[in-house]
Each structure stands twice: as structure tokens, then as C-alpha cells.
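Engineer: Okay, handing you the structure first.
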2 protein chains.
Amino acid sequence: MSEQNIARILLDGHGGDGAPDVVLDALKQTITSSSTKAKFGVCGLVEILEPALKARGLSDQVEIVPSAEFIEMTDAPAIAVRRKKQSSIHVGARAVRDGDWDALVSAGNTGALMAISKLILKTLPGIDRPALASMIPAVDGGTFFLDIGANVDCSSDHLVQLAVMGSCYLQAAEGVENPRVGLLNIGTEEGKGTDVIKVAAPRLQESSLNFIGNVEGTDLFSDRVDVVVCDGFVGNVALKTMEGVADLILGTLKKELTSSLAAKAGALLSRKALKRVKTALSPSEHNGAPLLGLNGIVVKSHGGADVRGYACAIEVAIREVEAGLIERTIEAMNIMAEGQ
Amino acid sequence: MSEQNIARILLDGHGGDGAPDVVLDALKQTITSSSTKAKFGVCGLVEILEPALKARGLSDQVEIVPSAEFIEMTDAPAIAVRRKKQSSIHVGARAVRDGDWDALVSAGNTGALMAISKLILKTLPGIDRPALASMIPAVDGGTFFLDIGANVDCSSDHLVQLAVMGSCYLQAAEGVENPRVGLLNIGTEEGKGTDVIKVAAPRLQESSLNFIGNVEGTDLFSDRVDVVVCDGFVGNVALKTMEGVADLILGTLKKELTSSLAAKAGALLSRKALKRVKTALSPSEHNGAPLLGLNGIVVKSHGGADVRGYACAIEVAIREVEAGLIERTIEAMNIMAEGQ
């Protein structure tokens, strides 16, 4: 943070379906409606960003960090990382590395954002690979779920590191004291699952984390657990399965509720209730997937996020900075290393 | 099948939450309401089954296959397999192996049913391990999903075998011509995912199966694919995630729809529509998880299945027998072996 203890948040002006409009509208919403004292910047092509900021009356409040190019959604991440070194993500990550800004928020290509952030910011001591995480809806508000796709194969070491990262994040960004950590498995009994899990479980049991043991897919949405850890393949499949089921149910509901006059009238009367259900399950409510384990704060917004969703991602970045997520994670990894 | 081409279906009279009542009520429903010519038997303790059949007026139509004991839901599968050799599942599997019956249906402990069936019936030529599969709801009616928990770790060979088993099942039991087979992955592009998947994908591409490539979690519920293949860890997590989300959505909906007078009135008017949504997503509608790859037909009913759900499992067994699933799978495995 700056010397005045003010979080300095840099937004990627490109990337995502509605950039730069969604990005800047969300920024304007954050500046006008929240009590944050954070300082904001937007990174990208000046000729695009300057008039867009002016049109929103934000020219005086928001700094432009110029970049010569940007990564398009159609660019292959591996190639974009090497060939577009003056992209807004590259420039933004370097600005965070150099201490000019505290956090980067981007709705750009996840693979490229992850690879560039890792390359430029590096990982924290004791952490082999960064992780991608998401808050998913649950009966008690939400469950923090990681890894959701950054690491296809995970060793027992990686699972333990994910548990530390997830626990630190919930404490720092959401203020959850002593978060309950579970390992995603195919049964709750000890000794279930893959060899990797069987080695990770006792290590977590002996650690200072609040490890509650194995949890199942159903527990993700319950009030049993706060942080659920798995490898990125399983996490990605679970997350997309969740989206698929939600779409199927809400789609079926919509069809059924317009099938007869009585149902239509019913739908009309219960419209507010149905809308609240949709909002509770909406990814934009839970937008802002933090990239964890990096020596710098990076938050990924969903590429299709609306203004409200992108504003959530900005809020996540502010909370991570203000709560000192990086310092907390370094400390927790030290405690973990001493205990082993 | 018997010489008269009549399917002979043996039900496990024990196992499951409501046995033997649910089992026998479902059997009665099948006998009275369906046009099946199948012959039925129930396997288990005579002193329990005899009066229960009599009370339902089924004594003359249903044969009792006596067993000396049965496996309780609290028995550890590994121990039950070895110590309870006169259990209803053991006796039933032996009766199928010896050709006295064509199929065994059980709502008992999944682990025990799988282990005993494998031990007694063995796998088909070319198939290393049996699989557990399930039909899950989708916009086009359903997607056949395997493995859902029998095999935690799968090699590329296993994934290919699962694809053959799933494709044969859909053709035989559901009459789907040339089912579209997909590999569950974290992206649809070639070269995504684990090493195991990267090896399995080109082999499926070259096979005679209708392989459409990688699919994602969201595709499970779409009309893009008929059979989705993954290892048992991923499948089990996806299935339980699906259940968890559905419960969360329907629970939230219920709460919201009783929150105000207008919503209550709305819920009343749309009651039929909401009920249809629930039915469409109900596991009992899709009950009957076939154990595939065995040299004999075994169908697992959900332990908590109601009469309607258990009756679905009986129907699945009848269709598998009548369509010659075993012979079809042997033939498909031969074609696969010749092509390699």
C-alpha cells in the first residue's frame, strides 16, 4: 500500500466482453457509491481509455497507465505471453511488481493472466504454483473453492499449499476467523480417494489450519465447510457442472412457468422471489476470482461479467490489499514449514 | 435369457432404506402396470420375504431365492464381501453367474455390490474393471455418465473401455443409435487436460465410436453429447456437486416462495409447474445405475429410492437383458481390439 495506507488498484482496461465500458462503468460505480479511499488506475491504450474516462467524468480521479497493445480473447495464451510483452496485462503486472500499484484486476483471458502474473510477479516463498479460486454460493452465504483450473495435476504438497492460501484469503478478504478447511473427496471417511489425497489429509490434520477432513460435492453448498480444496481438473469440472445444473433448473423453471395461464399468473406474483433466487446464484454476485500464491495481488473478473459483477471484483482487490493478504500468506506458510 | 426369450430378473430383497417393502411394492407396480413378460424372483431371508410377498398377493408370481444372511448398510464393504458369503447379494450374483437368472437388481451397499459382482461374475474380455454409471438430467432428456465412483484412478485404457461400455449401454437399454461420446475435460480444445486424457482422446478418435471430443461440465446437461466419460473420482464429485446445487436451488426457491403473501399466492398458482421441474430433476426418475463391464447384468438402485425409483431400476434391468447388452459389449470390445 502507499505510505498513506491507501490501496492502489489498477484495472486492465481491455479484456472481457464489454471492455472498456463495463470496466469503467464499474469503476465509476465503485467511486461514487462505496466509501473506499482507494486510488484507481486503468491500464491500456491511451487513445481508447482517455475519451472513455472523459465521457464518464473520471479523468481527474483515474490515472491512465499506458500500454502499447492488449491481448485479445482469441489470442492463444502461451503465444500472447511471449509475443505481446507490452500488453495491458504485462504492463499492469510489472506495475504491481515494481510497487507502483497494489493490485491488478483483469477480465482478460484467464490462461494469459495466470501465466503473465506468474512470470512477472513470481510465487510466494514455499508456494510452487499460483492457484485460481472462486467463491461459490452455499446455504450459509458462500464456500471458497480452489483450485478451479490453474493446476490440472496437483501433488500432496500442492493441496496443502492450496489449503493455506484458501484459509488466508478467507481470513483476510472476508474476515472469517479460523476458516474450516475440507479436502474434496468421494466420501468423508479417512482413507478414501486418490493417493495424493491420502498423503495430504494427515499433513493437514497435523497443521495449524482448522482442517475438518474430507468433504463431498454436496458439502460445497452446505454450511459445513468454508474452504474446499481440490486439484484444478476436479475443481474446474465441479464449477462447470454447477453452472450447467443451475442453467438447466432455471431454464426448466422458466419454460414450466410460461406453460399455462395459472403458472404465468403464479410466475408474475412470485417474480420478486424468483429474481432473488437467481441473484443468490448469480456468478456476478460472487465475481472476482483471486489468483492466489503470487507475490502481488491479482483478481480475475469473469469475462462476461456485467457492471455489478466487475464492481465485485474491484471490491475483492481492495479487501485483499487492505487486509494484507500477501503478508498473511507468507506468515502462514512459515508456520506450516516450521511445523513439518 | 430363458429359452422362451423371457428376461428373468432377480431382486435383492434386502439393502436400501425401505427394504423389503419398497422392493416388493416396486415389483408389484411393475407386474401390474407394465406390459413386461419378465419373470421375477426375490433373493433373501425366506422368513422375511414369504409373508411380505403374501401380503401383496405376489406369492404365486414371484420366486424366492433363499439366502442365509444379508449385508447391512453399516457393514464395511471389504469385510462383508469376505465374511458374508451367504448374503443375498452373493447368492444373487451366483445365480446370475450360473445362468439361473439374467440380472440382479439391488439397492444395497454400492461398494459391496460392486466388489461381490466383480468377484463372482468377473469382467468381460478386454475390460479390466467394472464401472458404475448413471443417467443424469439434461435438456434433451438425459446424458449417460460414467464412471461415477467405482474407479478412483483410471488409465487411458480404462477411459477407452468406459467409452465402449457407455456407448453399448445407450444403444441397448435406451435405443440411441450411434451415441455421441465425449471425454469430460476442462476445455473443449484438443490437448487440454491430464496426460491420461491426452492419450485416450486420439485413440477414441480413431475408434469406430461416435467420439465428439472433449466436453466440459456444462455440457453434461446440454443436448451436445449422449455419453460422457471420466474417472470415478471426477464423476463422483460432479454427481454430488449436481445434487448439491439442485438442493440449494430448490431449497432457496421454497424459502423465497413462502416469504410474502404475493409469492405464496404465486407459488400456489405455479405449483404444478414447480412440481414438474422437481420431477424432471428427481433422481428417482433416473434411478437404476447399471454396473457395466461385468459378465452378467447388475443394476444398482439408489439406497434411498422410493417405489417409483426402484421400479425404474427394474425397468433398466429388463431393457438391458432384452437388448442383449452383454453380447453387444463383447462385440464392441472385439471391434475395438481389432482396430488397434
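Engineer: Are there any pairs, at least 6 apart or on different chains, whose C-beta atoms fall under 6 Å, with the first in the range B:276-300 and under 17 Å from B:H90 (Cα atoms) and the second modelled with pLDDT of 80 or more and among the acidic types (D, E), and if so, which?
Structural biologist: If the second residue must be modelled with pLDDT of 80 or more and among the acidic types (D, E), the pairs left are B:I297/B:E320.
Engineer: If you go through the range A:309-318 one residue at a time, how many are closer than 15 Å to A:F40 by Cβ and either surrounded by fewer than 21 Cβ atoms within 10 Å (Cβ to Cβ) or under 12 Å from the mean Cα position of the chain (by Cα) (or both)?
Structural biologist: Matching residues across the range A:309-318 total 6.
Engineer: Output the strands (runs of 3 or more DSSP E) that fall wholly within the range B:189-308 and possess 3 or more residues being away from chain A (no Cβ under 12 Å), at pLDDT 85 or above and within 21 Å of the chain's Cα centre (by Cα), or say none.
Structural biologist: In the range B:189-308, the matching strands (runs of 3 or more DSSP E) lie at B:289-292, B:297-300.
Engineer: Taking the conditions exactly as written (buried (at least 17 other Cβ atoms within 10 Å of the Cβ), out of contact with any His (no Cβ under 7 Å at 6 or more places or on another chain), farther than 30 Å from B:K37 by Cβ and not small (G, A, S)), does B:D75 satisfy them or not?
Structural biologist: yes
Engineer: Considering every residue within the range A:153-169, establish whether at least one is within 12 Å of chain B (Cβ to nearest Cβ) and surrounded by 24 or more Cβ atoms within 10 Å (Cβ to Cβ).
Structural biologist: Yes: one or more hits.
Engineer: Just to verify a result, which residue in the range B:170-188, among those that are within 13 Å of chain A (Cβ to nearest Cβ) and assigned to a loop (DSSP other than H, G, I, E, B), is surrounded by the most Cβ atoms within 10 Å (Cβ to Cβ)?
Structural biologist: B:N185
Condition check ((1) modelled with pLDDT of 95 or more; (2) under 29 Å from A:A173 (Cα atoms); (3) among the charged types (D, E, K, R)) across all residues:
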residue: A:A7; (1), (2), (3): yes, yes, no
residue: A:G13; (1), (2), (3): yes, yes, no
residue: A:G16; (1), (2), (3): no, yes, no
residue: A:L53; (1), (2), (3): yes, yes, no
residue: A:I79; (1), (2), (3): no, no, no
residue: A:A93; (1), (2), (3): yes, yes, no
residue: A:D98; (1), (2), (3): yes, yes, yes
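Engineer: On to the next question. Looking at (1) crowded, with 22+ Cβ neighbours inside 10 Å; (2) more than 30 Å from A:D219 (Cβ to Cβ); (3) more than 14 Å from every other protein chain (Cβ to nearest Cβ), find the lone condition where A:Q86 falls short.
Structural biologist: Unmet for A:Q86, out of (1) crowded, with 22+ Cβ neighbours inside 10 Å; (2) more than 30 Å from A:D219 (Cβ to Cβ); (3) more than 14 Å from every other protein chain (Cβ to nearest Cβ): (1).
The values are calculated or read from the model by the stated rules, or taken from the named source; none is laboratory data. The shown structure was predicted, so the numbers you read here are calculated from the model rather than taken from an experiment. All Cβ positions, even for glycine, are placed from backbone atoms using ideal geometry, and neighbour counts span all protein chains on display.
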